[in-house]
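Written out below as structure tokens is the structure these notes cover.
The values are calculated or read from the model by the stated rules, or taken from the named source; none is laboratory data. Since the model is a prediction, treat every value here as computed from it, not as a measurement. A quick note on method: Cβ atoms are made from the backbone with ideal geometry, for glycine too, and the neighbour counts reach across all protein chains shown. These accessible areas exclude ligands, DNA and RNA; they are computed on the full protein's heavy atoms, side chains included. Shrake-Rupley method; radii C 1.70, N 1.55, O 1.52, S 1.80 Å.
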Amino acid sequence: MSVEAAAQALEGLALAEWLRMSRWGYAAVSALHVFGIALLVGAIVPLNLRLLGLWRSMDIAALYHVLARVAATGLALAAASGFLLFSARAAEYAALDLFAVKLALIGGGATHALVLHLGAHFPTVSRPRQVASGVISLLVWPAALVCGRLLAFV
């Protein structure tokens, strides 16, 4: 099955059709998407700034323990609601290079986070690795956010 055919099939689902027709349903899912992004970015920015050396008096392990969970919750909520939003206009979004870039950035950011989370006890990794992780994350996630926002204008 081609990407175009899969996108059209997804758009044909009752839920996707309801989202297209329901002003408040689409708005509610969109609000959940924004809330998920807010949780994600709101958690990773302070965590990554701490990794870069700000707020050295704060225990990085405690900060990581809380913010990694908040970020993961935000990512899950943004991904689930984003899929629903995508389903309403799947063929249109699937044809956009910008959408592919957004997905690649999200995949890269999520993979980066998983490798760190599932690897060694992250708060105890070397200082250079913490800085590199903070820089990568602070580049990838805002770039994904910008790509997602730009989709409204293309």
Exercise. Ignoring ligands, DNA and RNA, what accessible area per residue does the chain give at 1.4 Å, in Å²?
Worked result: 57
Problem set entry | Fraction of accessible area attributable to carbon and sulfur, the range 1-62 (%, probe 1.4 Å) | 69
Exercise. Let a ≥ b ≥ c be the square roots of the eigenvalues of the Cα gyration tensor of the range 1-90; is it rounded (a/c under 1.5), or, if not, prolate (a/b larger than b/c) or oblate?
Worked result: prolate
Problem set entry | Calculated [θ] (222 nm, deg cm²/dmol) that DSSP helices of n ≥ 4 give over the chain, each run adding -39,500 (n - 2.57) | -27500 deg cm²/dmol
For this session: Multiply the residue separation of M58 and L13 by 0.36 nm, subtract the distance between their alpha-carbon atoms, and state the gained length in nm to one decimal.
Result: 11.3 nm
Exercise. Under the Karplus relation 6.51 cos²θ - 1.76 cosθ + 1.60, θ = phi - 60°, what is the ordered set of whole-Hz ³J(HN,Hα) values for the range 92-105, x standing for Gly and Pro?
Worked result: 5, 5, 4, 7, 8, 4, 4, 5, 5, 5, 4, 4, 5, 5
For this session: Give me the net charge of A90's neighbourhood, meaning all other residues with Cβ under 15 Å from the Cβ of A90; Lys, Arg count +1, Asp, Glu -1.
Result: -1
For this session: For the range 143-154, take each phi angle, set θ = phi - 60°, evaluate the Karplus expression 6.51 cos²θ - 1.76 cosθ + 1.60, and give the result in whole Hz per residue in order, putting x for glycine and proline.
Result: 5, 5, 4, 5, 4, x, 5, 5, 4, 5, 10, 10
For this session: Identify, among Y64, L85, L118, the residue whose Cα sits farthest towards the positive end of the charge dipole of the range 53-152, taking +1 on the Cβ of Lys and Arg and -1 on the Cβ of Asp and Glu, with the dipole about the Cα centre.
Result: Y64
Seminar exercise, completed: Scalar couplings 3J(HN,Hα) for the range 15-20 by Karplus 6.51 cos²θ - 1.76 cosθ + 1.60 (θ = phi - 60°), nearest whole Hz, x for Gly and Pro, are 5, 5, 5, 4, 4, 5
Seminar exercise, completed: With all protein chains present, the range 96-154 has a carbon and sulfur share of its accessible area (1.4 Å probe) in percent of 76
